[in-house]
Every structure is written in C-alpha cells, then in structure tokens.
Amino acid sequence: MNTAENKNKSEMEMIKEGCLMASYGKTFFFTINSSLQIGKFKCSVVKIGTQGKDSLDIYLSVGEVKRLVDDILTGLAFKKIAAEKSNYPSTYKYSKGTNGCNILNIGKSTVGNYIGVQAGLAHYDGKGNKEKTDYHLTPVSADDFKDFAVRFYVCVCGLLPTATGFVPVLENTYYGQMNKVFLQGEEERKKFFKKTESQNRPEPQSEPASPQKPQDKPMNNNQQNNQPASNKKPSIKVRSTSTLNRNEDGSYRMQAVKESDNSIINIRIPADAVAGIGEKNFNAFIERVNTCGSEFGFTGKKIKENGEEIYVFAKFVK
C-alpha cells in the first residue's frame, strides 16, 4: 500500500497491499507497510489530502518492529508510555539515514488516551550542520497498535497471539485467509521489485573516451598501481537502507549497505550528478528507493566531512 490515503479499503485489501496498519487522525495518518524485499518495514506519517506527497518516512528492520510488537502484546509498551515524563513522544525513538535525519518517535500523546506518533526529517547544510527539522505528529489509539501487533504475527510469522501463547494460524479461518492474502501480495511485490529494478534502473552515463596520443605509452602494472588513490573511481554495489532525501543545495543523501562487506555507508548525490541522470530517470529512482528500496551500482569518491565518511556519487554503473 502506498502512502496515499484510502479509508474505504477493507482489512484484507490493505493486507494484500502489504499495509499492516493505517490509523487516521484529523490532520495526518500513520501507516506501517511491508518492505520485506529489503528486510524492512516502512513507517510513514502522511498529511491527509496530499495523496502521499507530504509524507515523512523511515525504514525499520524486521527485528526493530518485532521488539515493538512484543512490547505491545505483553502490555509493556503501554506501561512505559504511561510512565513517560515528556510532553512529546519519546518512549520508543528511532533515527536512520545520514546524521540520523529520518526520525520516528512513539510515546505519550497530548490528545486524551491516545499514543503519540511523531515522524521527523532533519535538514543539513553542505557542511553537515543541522538547519531545521520538519515534524508530523498524530495521535494513534492503543487498539490500532494492538491490531497491528496481531497482524504482524499472523502475516509475517504465521502465528496467532492468544492469552496463553502463540498458535499456528489455521488455513480455513479468517486469520488463515489473512496470512494467505499477505503472502500472495508479497509474491506480487517481489515481481514488482524485480521489474522496477530491471526496467527503471537509470541508464549508466558514458564518459567520452580520451584518445590516446601517439607518443603516450601504455602504463605497466607498477605504474598503474602507483597512481594516486583519489583518481581511482571503483564501482560500488549497494542496497539502500533509507529513503532518499533532498538537501537545500539540490543534492540528495541516503544510506546503503555495501555489497562487498555489508557495511553501512553514507551516500551523497550532488546536484550536477542529478542533472546528468535526467529528471525522468532520477524521479523513477527516488520512487523505487522510497517505496521498496533499491540495489544499484555506482562510481564515486570517498571523502571525510566533519569526521564522517561520505561516498560522493558520480554515475550509475551496471
């Protein structure tokens, strides 16, 4: 399910689209959607009436979501929230992306007996200094969280929580049908994920080859190995782990897992690289990253800024 609102969908329709929670307030609504193709769940607080265009998102790992779900089922989450001293949600705090720019806080609400859900997006200048943070805050009922916890176990684990523990969902029951519909939807999302990866991947930009002067001689291996490291632009294969966010200077930032060693890296895509990719291709790339994640290769250089390593994107490679 995307972040465009639709209150009229049945529970099974939502489940098939991968949406395990959709809770509506007066100004915003909160959704939790499956992104299991990259081992995550996408949490979004969206302004009503914007068709998903005004949305603050964060990707949480399956483990992070499961720990929250377990606290909800045992009632521990509500006890922790009731004991919270802050006037704003702070019981469960998550931050992802470069400098923790993607934020999700869950805790006490200023509205009655509700739970507060606050999503945030921090903006930084080119030097890494925080300029401002945008927030979306919405109240969510405890019952909505409890329903989400049940759906998580039924859909993801094939188990039904009961007062005495967990039991396998039975095929010819409502929850058995829910599990089946979710898994069918996951198969469709896998196909969509593979299709968008192959069809919408931006074409690698070719650089004109410099003609070799007649007097130039090919370098031997020793000469090649002694070239400055800063001039080398090796290809890097990564899998996105955050949304793609725009900076004030027109550049974009994100985090990803490097295929070679599974390390988390920070990536900056400069404005001139964005222009080189082209508006249509780059918008398709943003949609893919922010909807279901993306695996891609690129060349670039590694720099250090304020003690933080950043990979500056140059171009896509296959």
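The values are calculated or read from the model by the stated rules, or taken from the named source; none is laboratory data. Every value quoted in this text rests on a predicted model; they were computed, and no experiment measured them. No Cβ is skipped: glycine too gets one built from the backbone with ideal geometry, and neighbour counts run over all protein chains shown. These accessible areas exclude ligands, DNA and RNA; they are computed on the full protein's heavy atoms, side chains included. Shrake-Rupley method; radii C 1.70, N 1.55, O 1.52, S 1.80 Å.
Which of the residue pairs LYS16/LYS85; LYS130/LYS191; LYS42/LYS191 have a Cα-Cα distance greater than 28 Å in the structure shown? The partial results should precede the final answer.
Values: LYS16/LYS85 39 Å; LYS130/LYS191 39 Å; LYS42/LYS191 19 Å.
Flagged as over cut-off: LYS16/LYS85; LYS130/LYS191.
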Filter on LYS40/LYS93; LYS47/LYS180; LYS108/LYS146 - keep pairs with C-alpha separation over 22 Å: LYS47/LYS180
Would you mind classifying the stretch 135-193 by shape? Square roots of the alpha carbon gyration tensor eigenvalues, ordered a ≥ b ≥ c; an a/c under 1.5 is rounded, otherwise it is prolate if a/b is larger than b/c and oblate if not. oblate
I'd like the accessible area for TYR114: 1.4 Å probe, protein heavy atoms, all chains in place, Å² to the nearest 10. 110 Å²
Label-point gap, in nm, between ASP143 and TYR24 - each point 7 angstrom along Cα→Cβ: 1.5 nm
Mean Cβ count within 10 Å, highest first, over the residues of peptides 301-313, 88-100: 88-100, 301-313
